[in-house]
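Novice: Here it is, the structure, as structure tokens.
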Amino acid sequence: MGSIAINLQEVKRRLSAAALEAGRSADSVTLLAVSKTFPADAVRQAHAAGQRAFGENYVQESLAKIEALADLRSALQWHLIGPLQSNKARGVAAAFDWVHSVDRLKIAERLAEHRPASLPPLQVCLQVNISGEASKSGLAVAEVLPVARAVVALGGDRLRLRGLMAIPEPAEGLADQRAPHRALFELRAELNTHGLGLDTLSMGMSADLEAAVLEGATILRVGSAIFGART
Ligand SMILES: *Cc1c(COP(=O)(O)O)cnc(C)c1O
């Protein structure tokens, strides 16, 4: 077995152990393999080991990779998890299944405008600056409800708001790792009291996936623990 297949097994073992501890079914958590900076062949190896959902950060790199893997397109789910400028929205709307990194209404408008009618609705999350760091991208907590309502009001069959995504500040120790994930969980609960029906929490990476599963993550974004260290 190649190292990607072995690493995938180990990540799934961690996911299952955390789900067991949380009293959740392991099936309630989707593992997204973050393949940014790794070649298409690494995605092929992960696919051969049973992995289906892949996350990418850089639009240019990802469009080339999706193209190089066109023969597997119907077997793969592609998620954009990195920053998106509105002038790149057209290519992204046509190539991806999900976008986790919507951080302003204008991006959602462009994605809806350019989503091909022949495809199912693009599934989107709003990225939230949950740790409140000045330098990080994502909506401030106070902006999330109005933007979420406006995204839903775009309506139509081109785009569907599914939930929230965050990249918390790195923390040591389970308790400190859990705090921002819990805050995102509570924010979704608060939004859902306004009838938004959000079912997705995209949170948890290689270093803190247990904390995220314990706090209700539905999508984990795991890169280095699957593909190795990035250079
Ligand atoms: C790179 C990246 C990940 C994966 O990080 P690892 O620490 O390698 O698991 C997850 N989410 C986002 C937004 C990323 O940019």
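The values are calculated or read from the model by the stated rules, or taken from the named source; none is laboratory data. Just so it is clear, the model here is predicted, and its values are computed rather than measured. Using ideal geometry, Cβ is built from the backbone for each residue, glycine included, and neighbour counts are taken over all protein chains shown. Only protein heavy atoms, including side chains, enter the accessible area calculation; ligands, DNA and RNA are left aside. Shrake-Rupley method; radii C 1.70, N 1.55, O 1.52, S 1.80 Å.
Novice: Could you list, ordered by first residue, the pairs with Cβ atoms under 6 Å in which the first is in the stretch 215-231 and part of a loop (DSSP other than H, G, I, E, B) and the second is near the ligand (Cβ under 8 Å from one of its atoms) and not charged (D, E, K, R), at least 6 apart or interchain?
Specialist: Matching pairs, first to second residue: 223/34.
Novice: Same structure again: Considering only the stretch 34-58, state which residues are hydrophobic (A, V, I, L, M, F, W, C), within 12 Å of the ligand (Cβ to nearest atom) and surrounded by 24 or more Cβ atoms within 10 Å (Cβ to Cβ).
Specialist: Listed by number, the residues that qualify are 34, 54.
Novice: With respect to residue 98, is the statement that it is among the hydrophobic types (A, V, I, L, M, F, W, C), closer than 25 Å to residue 205 by Cα and out of contact with any His (no Cβ under 6 Å at 6 or more places or on another chain) true?
Specialist: Numbers: among the hydrophobic types (A, V, I, L, M, F, W, C): yes; closer than 25 Å to residue 205 by Cα: yes; out of contact with any His (no Cβ under 6 Å at 6 or more places or on another chain): no.
So residue 98 fails the test.
Novice: Being of a type in the set (S, T, N, Q), farther than 14 Å from residue 189 by Cα and more than 15 Å from the chain's Cα centre (by Cα): is that true of residue 131 here? If you could, list the steps in order and put the result at the bottom.
Specialist: Values: of a type in the set (S, T, N, Q): yes; farther than 14 Å from residue 189 by Cα: yes; more than 15 Å from the chain's Cα centre (by Cα): yes.
The answer is yes for residue 131.
Novice: OK, next. Do we have any residue at all in the stretch 189-206 that's charged (D, E, K, R) and buried (at least 16 other Cβ atoms within 10 Å of the Cβ)?
Specialist: First pass over the stretch 189-206, keeping only residues charged (D, E, K, R): 190, 199.
Pick out the ones that are also buried (at least 16 other Cβ atoms within 10 Å of the Cβ) and you get none.
No: the stretch 189-206 contains no residue that is charged (D, E, K, R) and buried (at least 16 other Cβ atoms within 10 Å of the Cβ).
Novice: Right, another one. Name every residue in the stretch 95-117 that is assigned to a helix (DSSP H, G or I) and either within 16 Å of the ligand (Cβ to nearest atom) or farther than 27 Å from residue 49 by Cα (or both), in order of residue number.
Specialist: 105, 106, 107, 108, 109, 110, 111, 112, 113, 114
Novice: Something else now. Being open to solvent by 40 Å² or more (accessible area, probe 1.4 Å), modelled with pLDDT of 95 or more and of a type in the set (Gly, Ala, Ser) is the filter here; which residues of the stretch 100-152 pass it?
Specialist: 117, 118, 140, 142
Novice: Step by step: first the residues of the stretch 219-231, then only those that are surrounded by fewer than 20 Cβ atoms within 10 Å (Cβ to Cβ) and touching a Lys or Arg at 6+ places or on another chain (Cβ under 9 Å), then the one that is modelled with the lowest pLDDT. Which residue is that?
Specialist: Of everything passing the filter in the stretch 219-231, 230 is modelled with the lowest pLDDT.
Novice: What pairs come up if the first residue lies in the stretch 80-94 and is assigned to a helix (DSSP H, G or I), the second is within 15 Å of the ligand (Cβ to nearest atom), and their beta carbons are under 8 Å apart, counting only those six or more places apart or on different chains?
Specialist: As it stands, the answer is 88/59; 91/59; 92/59; 92/80; 92/84; 92/99, since those pairs meet every condition given.
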